[in-house]
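A.B. asks: Here it is: the structure, laid out below.
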Amino acid sequence: MGQTLILTGNQTAALAAKLCRVQVIAAYPITPQSKIPEVLSEYVEKGELPAEFVRVESEHSAMGVCISASMVGARVFTATAANGLAYMHEQLHWAAGARLPIVMPVTNRGLGAPWTILNDMQDSIAQRDTGWMQFYCLNNQEILDQTILAYRTAEALLVPIMVCFDGFRLSHTMMPVEIPSQDEVDAFLPPYRLPYTIDAQNPVNINPVVMTDPLPDPAGELAPSYMGFRRRLQEAHESALPVIARLGREFGEIFGRSYEDSLYRYRNEDADFLFLTMGSLSSEASDTVDILRDEGVRAGVIGLRVFRPFPAHQLASAVSGVKGIAVVEKAISYGYEGALATELKAALFSANGLRPVVTNYVVGLGGKDVKPTDLLEAARDTLTQVDGASRHEHPKWLGSGV
Amino acid sequence: MSTAILDLPEEEYIMPGTRTCAGCGLPIAYRYILKALGPKTIMTHPACCLTILHGIYPKTPIAINAVNNTFASTAASATGLAAGLKATGRNDFTVLAMAGDGGTFDMGIQALSGAAERGTDIIYVCYDNEAYMNTGVQRSSATPSGAMTTTTPFIPKEQPKKDFVQIMEAHHLPYLATACSAYPGDVYNKFLKAREIKGTRFIHLAVPCPPGWGFPTKDTVKLGRLSVETGVVVLYEVVRGALQLTGKSLSMARSGRKKPVEDYLKIQGRFKKMTAEQIADFQRQVDERWEQLMARAEF
Ligand SMILES: Cc1ncc(C[n+]2csc(CCOP(=O)(O)OP(=O)(O)O)c2C)c(N)n1
Ligand code: SF4
Ligand SMILES: [Mg+2]
């Protein structure tokens, strides 16, 4: 039987790793992630978690250790944020290219320069094209659930997954979390089985130089070229959403909380205005929606739980019939707009004929508090544009001060 | 301890036809390294000439398990292999990390220092051809003073070679050795010994490179031998802090005979711009180090 504990996001992530019986942990401290390896060190030193804990000298090495340990069949774990994640960048590509089912919490934090230790999502959004899947958590319960789901999904598809959650806002905030029993987690997440063998009789040469055209193997059969490998990674992503939905439903059957839907939805059924957000912003947007509803605005929220692979079809159908969508983001692709806004527009374009007003608001960078008044302003601003007043081309910055 | 050629294992772990340049010093040593470590070895290496030796997918001339990793992370990769194998109950593999001088003296130093400080159970080999050869003979911190490279094309490198072995000694290693591919028996013995020791074992392997150094491909072994006979490379091992000369360096210490460095320098294109004064300075540096090592080895 499970129990309910009051935990911070970081404690939850560490406990999730333990429940997933991770075998190799390699981590390097960075605020606001540091508590995760600290708690895991306690588990390991107390003998509660039989894992190899490598106290690496950098995040580049943390991911380097995870990559090679995963290659020989261990279930591996690391966690990082901000500059630590950026420092891993080369290794992130390697991990995805090597098709390793690594799971890594990212406690979202702003990147320097100038320094900030506080929350935004620039760090993980900037890693969008590394080939990793990205899950985003709304609250601490989702950190636990999505970490367990992430291992199952990653191992099914051989694609690594970042489980992203807001630094401080979740990492350091205590919330009740329903903790499943070890038996329940074991039933959902069987031990990881390497899809090849490491033995002396049949040696393998893993990730060598690959040519631009397929070459024959010793048996004369054509082996993939570089592009062939890249395409397979994309195909794994393309096949992932139904897998995530199936596993999310199965998760719900065991644990009582279904993740069949890649989208968090709040009061959206009859909505003609929506906030589109990710992470803990979704719950702040939900509070604002209640205010708007009281004012008679038919408002709702869509929050993305899965950003890569991008649930374009689900999103396009979730917003069909909506007149205005305010995409509120804690990240910006400099020189254009927030990545989520761009993705939404692309999804709408492909979904043919849907042309709601889409506005984009950059909020909360470097830990800046996102107030209900900010979100109300975003909503009103969007609704004015729905009514045909002038449109703004660039994202609007809310709360940036001077 | 030494092994006669006839006693070496007959098994080969490098099949003929590797993609290294003609006369490359690397496969000579690698062959004996793998003979010493045997089939229960898993190795990891970054981008370097060794990657080329390991061949192009889907074929490889290497008959042991091998993993490629990123340029800065060879020791981290080896750490991961060791941790992953241990965590999954396979303690019978020797984990070998092997990187060039660029991947060790320069970019790999952080990961290696971290792994060595943690006492990670791996054998780490830096094969040193004294430049970034794979990318076209650019200067590294292992390039000796007086050498021309493609990034020191007109003014030969002014700074002396980094004393990397001393940096590794500062990590309190259970086993540390130097070797040169011109002496495969010495290479073999050292890896045989390293295999039986736990913890981080570090071996610096000098590897002559015909295109990078500018000498005829037939002279690789001669060059390697000259590097040792002149004292530019000194063969020794350090077991828990105690230094012992080995092979040719030991017999040189006993006989007191050492060739002038000019014999080694003058047959390499890369040193052709060295002045008499620079050669004398090079000789002074070599003599100084030789004396220090002789004193430590109690000669
Ligand atoms: C991060 C990164 N930077 C640069 C390179 C390009 N690169 C590939 S091999 C190499 C040189 C390797 O030199 P060394 O380690 O001495 O090995 P050698 O080629 O001489 O055998 C470089 C710079 C790389 N692979 N990764
Ligand atoms: S460049 Fe030098 S080290 Fe590299 S393969 Fe050729 S000979 Fe060997
Ligand atoms: Mg080199």
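The values are calculated or read from the model by the stated rules, or taken from the named source; none is laboratory data. What you see is a predicted model; the values in this text were computed from it and never measured. All Cβ positions, glycine included, derive from the backbone under ideal geometry; neighbour counts span all protein chains shown. To get the accessible areas, we keep the full protein, side chains included, count just its heavy atoms, and leave off ligands, DNA and RNA. Shrake-Rupley method; radii C 1.70, N 1.55, O 1.52, S 1.80 Å.
A.B. asks: Condition check: of a type in the set (A, V, I, L, M), outside the structural domain of A:Val22 (by TED's automatic domain parsing) and open to solvent by less than 40 Å² (accessible area, probe 1.4 Å). Does A:Ala219 satisfy that?
C.D. replies: Spelling it out, it is not the case that A:Ala219 is of a type in the set (A, V, I, L, M), outside the structural domain of A:Val22 (by TED's automatic domain parsing) and open to solvent by less than 40 Å² (accessible area, probe 1.4 Å).
A.B. asks: Sticking with this one: In a helix (DSSP H, G or I) and under 20 Å from A:Val289 (Cα atoms), is that true of A:Ala341? Outline the logic, then answer.
C.D. replies: On the way: in a helix (DSSP H, G or I): yes; under 20 Å from A:Val289 (Cα atoms): yes.
Considered against the rule, which asks whether it is in a helix (DSSP H, G or I) and under 20 Å from A:Val289 (Cα atoms), A:Ala341 comes out as yes.
A.B. asks: Can B:Val228 be described as open to solvent by 30 Å² or more (accessible area, probe 1.4 Å) and not basic (Lys, Arg)? Give the derivation first.
C.D. replies: Working: open to solvent by 30 Å² or more (accessible area, probe 1.4 Å): no; not basic (Lys, Arg): yes.
Against the criterion (open to solvent by 30 Å² or more (accessible area, probe 1.4 Å) and not basic (Lys, Arg)), B:Val228 does not qualify.
A.B. asks: Go through segment A:349-371 and report how many residues are modelled with pLDDT under 95, part of a helix (DSSP H, G or I) and surrounded by 15 or more Cβ atoms within 10 Å (Cβ to Cβ).
C.D. replies: Qualifying residue count for the region: 0.
A.B. asks: Could you please give the count of residues in segment B:37-67 that are within 16 Å of ligand 1 (Cβ to nearest atom), in contact (Cβ under 8 Å) with a residue 40 or more places away in the chain and open to solvent by 30 Å² or more (accessible area, probe 1.4 Å)?
C.D. replies: Within segment B:37-67, residues that are within 16 Å of ligand 1 (Cβ to nearest atom), in contact (Cβ under 8 Å) with a residue 40 or more places away in the chain and open to solvent by 30 Å² or more (accessible area, probe 1.4 Å) number 3.
A.B. asks: Between residues in segment B:208-234 that are at negative phi and aromatic (Phe, Trp, Tyr) and residues that are within 13 Å of ligand 2 (Cβ to nearest atom) and assigned to a helix (DSSP H, G or I), which pairs lie under 6 Å by C-beta distance while being six or more apart or on different chains?
C.D. replies: Within 6 Å, the pairs are B:Trp213/B:Arg270; B:Phe215/B:Leu223.
A.B. asks: A follow-up question, please. Only one of A:Val210, A:Val177 is farther than 30 Å from B:Leu85 by Cα and either out of contact with any Lys or Arg (no Cβ under 8 Å at 6 or more places or on another chain) or open to solvent by 20 Å² or more (accessible area, probe 1.4 Å) (or both); which?
C.D. replies: A:Val177
A.B. asks: Is at least one residue of segment B:168-180 of a type outside the set (Lys, Arg), within 16 Å of ligand 2 (Cβ to nearest atom) and either under 15 Å from B:Asp128 (Cα atoms) or within 14 Å of chain A (Cβ to nearest Cβ) (or both)?
C.D. replies: yes
A.B. asks: Suppose the filter is of a type in the set (Val, Ile, Thr) and open to solvent by 20 Å² or more (accessible area, probe 1.4 Å); does A:Val39 pass it? Reasoning before the result, please.
C.D. replies: Values: of a type in the set (Val, Ile, Thr): yes; open to solvent by 20 Å² or more (accessible area, probe 1.4 Å): no.
Against the criterion (of a type in the set (Val, Ile, Thr) and open to solvent by 20 Å² or more (accessible area, probe 1.4 Å)), A:Val39 does not qualify.
A.B. asks: Here is a follow-up. Would you confirm whether any residue within segment A:172-185 is over 30 Å from A:Glu329 (Cβ atoms), part of a loop (DSSP other than H, G, I, E, B) and within 14 Å of another protein chain (Cβ to nearest Cβ)?
C.D. replies: No, there is no match, as no residue in segment A:172-185 is over 30 Å from A:Glu329 (Cβ atoms), part of a loop (DSSP other than H, G, I, E, B) and within 14 Å of another protein chain (Cβ to nearest Cβ).
A.B. asks: Give the residue that is nearest to the other protein chains (Cβ to nearest Cβ), with candidates limited to residues of segment B:68-114 that are of a type in the set (D, E, K, R) and either open to solvent by less than 10 Å² (accessible area, probe 1.4 Å) or away from ligand 1 (no atom under 16 Å from the Cβ) (or both).
C.D. replies: It comes out as B:Lys86.
A.B. asks: Among all residue pairs at least 6 apart or on different chains, which show Cβ distances below 7 Å where the first residue, located in segment A:384-402, is surrounded by 13 or more Cβ atoms within 10 Å (Cβ to Cβ) and the second is of a type in the set (Lys, Arg)?
C.D. replies: A:Gln385/A:Arg391; A:Val386/A:Lys323; A:Gly399/A:Lys368
A.B. asks: Given the criteria over 29 Å from A:Gly303 (Cβ atoms) and at pLDDT 95 or above, does A:Ala126 qualify?
C.D. replies: For A:Ala126, the condition - over 29 Å from A:Gly303 (Cβ atoms) and at pLDDT 95 or above - is not met.
A.B. asks: If you go through segment B:262-280 one residue at a time, how many are surrounded by fewer than 16 Cβ atoms within 10 Å (Cβ to Cβ) and free of Cβ contacts under 8 Å to residues at least 24 places away in the same chain?
C.D. replies: Restricting attention to segment B:262-280, the residues satisfying the condition of being surrounded by fewer than 16 Cβ atoms within 10 Å (Cβ to Cβ) are B:263, B:266, B:269, B:272-273, B:275-277, B:280.
Filter once more, keeping what is free of Cβ contacts under 8 Å to residues at least 24 places away in the same chain: B:266, B:275-277, B:280.
Within segment B:262-280, residues that are surrounded by fewer than 16 Cβ atoms within 10 Å (Cβ to Cβ) and free of Cβ contacts under 8 Å to residues at least 24 places away in the same chain number 5.
A.B. asks: Taking segment B:3-30 as the search range and keeping residues that are within 16 Å of ligand 1 (Cβ to nearest atom) and open to solvent by 50 Å² or more (accessible area, probe 1.4 Å), which one is nearest to B:Pro184 (Cα to Cα)?
C.D. replies: Going through the qualifying residues, I end up with B:Ile28.
A.B. asks: Which condition does B:Lys273 not pass, out of (1) closer than 22 Å to B:Cys24 by Cβ; (2) among the charged types (D, E, K, R); (3) not in a helix (DSSP H, G or I), if it passes all the others?
C.D. replies: (1)
A.B. asks: Within the bounds of segment A:335-342, is there any residue that is in the same structural domain as A:Leu276 (by TED's automatic domain parsing), open to solvent by 10 Å² or more (accessible area, probe 1.4 Å), touching a Leu at 6+ places or on another chain (Cβ under 8 Å) and modelled with pLDDT of 95 or more?
C.D. replies: No, every residue in segment A:335-342 fails to be in the same structural domain as A:Leu276 (by TED's automatic domain parsing), open to solvent by 10 Å² or more (accessible area, probe 1.4 Å), touching a Leu at 6+ places or on another chain (Cβ under 8 Å) and modelled with pLDDT of 95 or more.
A.B. asks: Quick one: would you say A:Val72 is in contact with a strand residue (DSSP E or B) (Cβ under 6 Å, 6 or more places away or on another chain), among the β-branched types (Val, Ile, Thr) and within 14 Å of another protein chain (Cβ to nearest Cβ)?
C.D. replies: Considered against the rule, which asks whether it is in contact with a strand residue (DSSP E or B) (Cβ under 6 Å, 6 or more places away or on another chain), among the β-branched types (Val, Ile, Thr) and within 14 Å of another protein chain (Cβ to nearest Cβ), A:Val72 comes out as no.
A.B. asks: Okay, moving on. Do any helices (runs of 4 or more DSSP H) entirely within segment B:177-269 hold 1 or more residues that are out of contact with any strand residue (DSSP E or B) (no Cβ under 6 Å at 6 or more places or on another chain) and within 16 Å of ligand 1 (Cβ to nearest atom), and if so, which?
C.D. replies: Filter on segment B:177-269 gives B:210-213, B:220-229.
A.B. asks: Under 30 Å from B:Ile14 (Cβ atoms) and modelled with pLDDT under 95: does that describe A:Val204?
C.D. replies: Against the criterion (under 30 Å from B:Ile14 (Cβ atoms) and modelled with pLDDT under 95), A:Val204 qualifies.
A.B. asks: Residues that are within 16 Å of ligand 2 (Cβ to nearest atom) and touching a residue at least 24 places away in the same chain (Cβ under 8 Å): does segment B:72-95 have at least one?
C.D. replies: no
A.B. asks: Continuing with the same structure: Residue check: is A:Pro114 surrounded by fewer than 22 Cβ atoms within 10 Å (Cβ to Cβ) and free of Cβ contacts under 8 Å to residues at least 40 places away in the same chain?
C.D. replies: Spelling it out, A:Pro114 is indeed surrounded by fewer than 22 Cβ atoms within 10 Å (Cβ to Cβ) and free of Cβ contacts under 8 Å to residues at least 40 places away in the same chain.
A.B. asks: How many residues are within 15 Å of ligand 2 (Cβ to nearest atom) and either under 23 Å from B:His172 (Cβ atoms) or part of a loop (DSSP other than H, G, I, E, B) (or both) if we restrict to segment B:133-147?
C.D. replies: Here is the first cut: in segment B:133-147, the residues within 15 Å of ligand 2 (Cβ to nearest atom) are B:133-140, B:142-143, B:147.
Then drop every residue that is not either under 23 Å from B:His172 (Cβ atoms) or part of a loop (DSSP other than H, G, I, E, B) (or both), which leaves B:133-137, B:139-140, B:142-143, B:147.
So the answer is 10.
A.B. asks: Mind checking which residues of segment B:44-67 are farther than 19 Å from B:Ala179 by Cα, among the aliphatic types (A, V, I, L, M) and more than 7 Å from chain A (Cβ to nearest Cβ)?
C.D. replies: B:Ala47, B:Ile52, B:Leu53
A.B. asks: Just give me the residues in segment A:126-138 being in contact (Cβ under 8 Å) with a residue 60 or more places away in the chain and surrounded by fewer than 22 Cβ atoms within 10 Å (Cβ to Cβ), in sequence order.
C.D. replies: Hits for segment A:126-138 are A:Ala126, A:Arg128.
A.B. asks: Go through segment A:45-66 residue by residue and tally those that are facing another protein chain (nearest Cβ under 8 Å), open to solvent by 10 Å² or more (accessible area, probe 1.4 Å) and either within 19 Å of A:Trp132 (Cβ to Cβ) or modelled with pLDDT under 95 (or both).
C.D. replies: 1
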